[in-house]
Amino acid sequence: MIQSMTGYGKAVLQLPTKKITIEVKSLNSKNLDLNTRMPSYYREKELGIRKLLASSLVRGKVDFSIYVEITGEETQTVINQQVIGGYIKELKELSEGDEIHFLEIAMRLPDALQTIREEIDESEWEKISIGIDTAIQEIVQYRKDEAHSLEADFRERIQNIQGFLVEIEKLDKERLNHVKDRLRKAIDELKITIDENRFEQELIYYLEKLDINEEKVRLANHLDYFLEELNNEKSDGKKLGFIVQEIGREINTTGSKSNYATMQQVVVQMKNELEKIKEQVLNIL
């Protein structure tokens with residue numbers, strides 16, 4: 001089953017003193033491009049998070065974020081009393097003044113406030129880990145849901161190309177007769193006498209160069225192969241992309257060999273359908 005690389009997952013945890021929001025977003029990319037944002041005191045867990053995201057999402061431009069909102073009486077910043085005391089003492093030595101005035105000045109000087117590094121509470125992290133799993137499950141499901149509409153579109157366009165291939169089959173005999181008649185008419189207009197056997201030999205050689213039977217067979221096989229890959233349990237957008245390239249090669253060769261305006265019009269319609277598949281297959285995991 002195919003998966004889209006576009007997705008979004010979110011989990012919100014309400015802990016006693018803080019609200020934690022976990023978000024995972026992804027867009028299409030050739031490889032895994034992973035960016036993480038989280039408070040510094042969670043950084044020691046980053047490597048494990050990256051491994052989990054890589055194994056779950058495989059490919060895409062992925063943005064992972066943990067946002068923390070303090071909702072209770074908790075602070076990580078305290079007054080550095082030792083530094084403040086030293087500032088006030090030096091200020092008193094420099095000039096006379098009110099103690100409160102010196103305190104106001106000292107509070108604005110460097111290192112007056114001290115940030116205490118918060119250590120990870122393992123019981124809290126267990127809850128966050130569950131939230132991360134929930135967000136990942138959501139984005140994976142989002143990718144699968146997004147792929148449903150893509151798969152339906154792929155099947156419709158492949159079937160359209162198969163329908164155009166049937167038209168080309170019907171036009172092929174008509175095309176060859178048209179080529180023969182056109183060559184015969186051109187010779188008649190020249191009003192010259194030709195060796196009929198030689199003409200037939202040259203005509204056969206010319207028609208062999210215009211023969212598209214191999215292209216038709218290969219194109220039919222590639223179209224069937226693409227549909228088979230849509231049914232595969234594992235999503236493989238790169239493989240689908242390679243098959244699309246092969247489909248395009250056979251369509252282009254058919255168009256260049258057709259030498260018949262009516263058939264070339266059908267080839268243009270095939271190319272139009274394939275271009276729309278190419279655009280969407282880039283978003284498949």
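Details
- Taking LEU94, LEU165 and counting other C-beta atoms within 10 Å, the order from fewest to most: LEU94, LEU165
- Relative exposure of LYS234, LYS25, judged by other C-beta atoms within 10 Å (fewest first): LYS234, LYS25
- Put the Cα centre of the range 1-50 next to the Cα centre of the range 244-285 and the gap is 39 Å.
- For the residue pairs LYS144/LYS278; LYS25/LYS271; LYS234/LYS276; LYS144/LYS170; LYS51/LYS276; LYS10/LYS51, the alpha carbons lie more than 30 Å apart in LYS25/LYS271; LYS144/LYS170; LYS51/LYS276.
- Separation of the LEU210 and LYS239 label points, Cα + 7 Å toward Cβ, nm: 4.0
- Across the range 80-91, computed HN-Hα scalar couplings (Karplus, 6.51 cos²θ - 1.76 cosθ + 1.60, θ = phi - 60°) run 7, 4, 5, 5, 4, x, x, 4, 5, 4, 5, 5 Hz from first to last residue, x flagging Gly and Pro.
- For the range 146-154, 3J(HN,Hα) computed residue by residue from phi via the Karplus equation (6.51, -1.76, 1.60; θ = phi - 60°) reads 4, 6, 4, 5, 5, 4, 4, 5, 4 Hz, glycine and proline entered as x.
- Sequence-ordered 3J(HN,Hα) estimates for the range 45-50 from the Karplus curve with 6.51, -1.76 and 1.60 and θ = phi - 60° stand at 9, 4, 4, x, 5, 4 Hz, glycine and proline given as x.
Bear in mind that the values in this text are calculations on the coordinates, not laboratory data. The model shown is predicted, which means the values in this text are computed figures rather than measured ones. Here Cβ is always computed from backbone atoms with ideal geometry, including for glycine, and neighbour counts include all displayed protein chains.
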